[in-house]
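Everything on this sheet refers to the single structure shown next.
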Amino acid sequence: MQPTRSDRRRRRPSVESLEGRQLLSGGKTILAKTGQPINDKDLARLELQLENDVPWKERRFRYTYNGNDVVVTLYGMGTLLAGKPGGTHVDADGRLHLVFDNTTNASRIIAAVRGPHGRRTRDVIPLASVRDADSPPGSTSGEGVDPIGALQMTDFGLVPGGRINLAGGVLEVNLRQIAADTALYLKEGVPVVTAGRAATTIVTGGASIGGITPVVAVAQQTTVDASGTTGLQIRIDRVLANPQGVVVNGRRQALGNPQIYTVDPTPGASRLLRFDAMTGQLVAQQALPALGSTQIPVGLSLRSARNLVLVGDGTQVLAYDLDLNPVGSFDASNLAGITSLTGIGSSPVQTILTSLDGPAYAIDVDQSLASGSAVVATAPNGTPIAPFFPQREFLFNGDASGLAGSNTLYASGAGHFDTAQPNLFQFGSMALTPVGPLFVEAARNAVSGIFSPFQNAGPTGLLPNPTLGLGSIDGLLARLNFVGSVGNTLTLFTAANAPSGTTILLQGVATPLSGLSESAHPELDGAAIIDVQGNMKRFVGKQVRGLVLNARGSINLIAAHTVVNSAFVGRPLNHVEFVNRRRSQVISTARGINGQVIRGGVTVQKNLLPDGPLMLPERGLV
């Protein structure tokens, strides 16, 4: 059959209606240096590379582990500092220490592993740590930590003692497994948004025509979530941990209440005491040797090989483990200006001693206990940390403390806070932030009295401090006070000395106590911790044993096949999907329409405090 005229017309080449509206970019942009054309997509990549100004060899780290070819690549802005001192490296045991810097919320760290002959590996590649180059090793704080969009390391396992600090913000974390005594400190990241124009139908004003108001499409500016993620997502196939736990009502559970330490300095009957920081119940006690003072500072050592309780007496420092067993002691009189210890405080990166009207020293607790004399700590670059002398007429005369989730330390003292009394000192506290081999004053705040926003410390500032101890319970500062008709109380404050409205009565002791430590969770020894600041979209796992997941925000979904000896805390926690579950806690501030739905074994605690960041009692840093 011969083709008709209409068939021939249909076969003629023609421009389709949509193609006629395309704006083709190929060949439109010319590189000035080479004279070659480049399309928009390649141009965008070139612009990013020029803006980032980091060569590929510093953004990609490649090595071999047990016959596997491992490639870790940073996409987007930032660097892995590969090949640079202090950058990403593999230690002598084959464990990867991943260090990044100058990243944004659009940056992604992706690892690819290929076994022999290009096949998928069956090995779990050991991962020791992930941190920002500007954050000290062991830090749990977001200070100095840049955000990233994703950490995709599906063939890696976090080794015992490993730490991941993405507290600058992250949206996706994907690992094969995590071991015991590990911790991930995460913060909900900010989604990547792109600006564009979208057609929006609007109704025009004016008179209607034939009863119909004219409708027109107008292009308006809009933003689109380019990441496809609106909350933190975590996938870890296996969690292989086993926390010590605590027995409550005859049942062992992974997560208990924080514990806090203080001293009863009664002459001839002095005791180191451990209290439940939530209920105020006396949990344990240990007799102390004869003390030479009734002003006894108490603090934890969080930077040492294991957490210790430190008790000061004159220039002596006594050390105990978290179960109150004696460990050793050392003398601090070799430190210039140390005459009478008034404060002991600790963060995950430093432990300090303060002396009455003297300086503050950062000390290495492990080396001090080994030598018997105080040894000054060193910065990550090996430089000894200089003593800090308060400036602008502030002096130390009270206890000191760290604060969970922060590298900053707080020391009680006196300064000129009240402009109406410029010739007098008032009691207050100073915030000290470590910067390399130095401490820098970050802030100072007055401690208010009952009838005045200030409390006078006299013309010299050396009146006895009205606060018998300065410590912290998770993310809040705590001050120890004694009221004769009430007893010893802990009043919780923010870092800026604003009252939180919470007061805890310490029970079982009628005499004034002295000194106060940071809070600790001894029951978490051997656990794997995921501590999240912000909201979570979901956590997904397969075999989960010994995990404690604490979110200081909402959790939409927790899903796993098998969960054993674990704890999940959300504020609130909406959905739980477990196939097998044994000895595990699921805690939420509310659930369901009435806030009281306990289906799936969920415990509802409406007045749940914002616990955290949680700290491991045994650090075992790698």
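Residue exposure proxy: 410, 65, ordered by other Cβ atoms within 10 angstrom of their Cβ from fewest to most, comes out as 65, 410.
How much length, in nm to one decimal, is gained on full extension between residue 371 and residue 248, taken as 0.36 nm per residue of separation minus their Cα-Cα distance?
On the way: separation 123, 0.36 × 123 = 44.28 nm, distance 4.05 nm.
Additional length available on full extension: 40.2 nm.
Built from the Cα atoms of region 261-519, the convex hull projects on average onto 12.8 nm², one quarter of its surface area. What is the local net charge at residue 539, summed over the other residues whose Cβ is closer than 14 Å to its Cβ (Lys, Arg +1; Asp, Glu -1)? Local charge sum for residue 539: 0.
In this Cβ point-charge picture (+1 for Lys and Arg, -1 for Asp and Glu), region 291-410 has a dipole of about 220 debye about its Cα centre. Cross-link pairs exceeding 26 Å between alpha carbons, from the set 57/187; 57/537; 187/606: 57/187; 57/537. Applying 1/(1 + (r/R0)^6) with r as the Cβ-Cβ distance of residue 583 and residue 494 and R0 = 45 angstrom yields a FRET efficiency of 0.80. Taking other C-beta atoms within 10 Å as the exposure proxy, 571, 252 rank 252, 571 from fewest upward.
Just rank 93, 146, fewest to most, by other beta-carbon atoms within 10 angstrom.
93, 146
The length gained on full extension between residue 305 and residue 608, counted as 0.36 nm times the residue separation minus their Cα-Cα distance, comes to 105.9 nm.
Taking every C-alpha pair closer than 8 Å and separated by at least 6 residues, the mean separation divided by the residue count of region 261-519 gives a relative contact order of 17 percent. The shape of region 278-363 comes out prolate: with a ≥ b ≥ c from the C-alpha gyration tensor, a/c is at least 1.5 and a/b beats b/c. Could you run the Debye sum over the Cα atoms of region 97-195, one equal point scatterer each and no solvent, and tell me log10 of I(q)/I(0) at q = 0.11, 0.13, 0.21, 0.23 Å⁻¹, two decimals? Those come out to -0.33, -0.46, -1.04, -1.19, one per q. The modelled label-to-label distance for the pair residue 114/residue 285, using points 7 Å beyond Cα in the direction of Cβ, is 6.8 nm. Pick out, from 463, 422, 436, the residue whose Cα sits farthest towards the positive end of the charge dipole of region 261-519, with +1 on the Cβ of Lys and Arg and -1 on the Cβ of Asp and Glu. Checking the options against the dipole of region 261-519, the answer is 422. The charge dipole of region 261-519, taken about the Cα centre with unit charges on the Cβ atoms of Lys, Arg (+1) and Asp, Glu (-1), comes to about 180 debye, rounded to the nearest 20. Here's the picture: charge each Lys and Arg Cβ at +1 and each Asp and Glu Cβ at -1 in region 261-519, and of 411, 309, 361 the one pushed furthest to the positive end of that dipole is 411.
Cut-off 20 Å, label point 7 angstrom out along Cα-to-Cβ of residue 423: give me the residues of region 450-478 whose amide nitrogen falls inside. Output list for this probe position: 454-463. For region 111-152, what class follows from the C-alpha gyration tensor (a ≥ b ≥ c being the square roots of its eigenvalues): rounded when a/c is under 1.5, otherwise prolate if a/b is larger than b/c, else oblate? Taking the square roots of the gyration eigenvalues as a ≥ b ≥ c, region 111-152 is prolate. Annotation: extensible slack from residue 152 through residue 90 equals 20.5 nm (criterion: 0.36 nm per residue apart, minus Cα-Cα distance).
Where a number appears in this text, it was derived from the coordinates with a stated rule and is not lab data. Quick caveat: nothing in here was measured; it's all calculated off a predicted structure. Methodologically, a virtual Cβ is constructed for each residue, glycine included, from the backbone with ideal geometry; neighbour enumeration extends over all protein chains shown.
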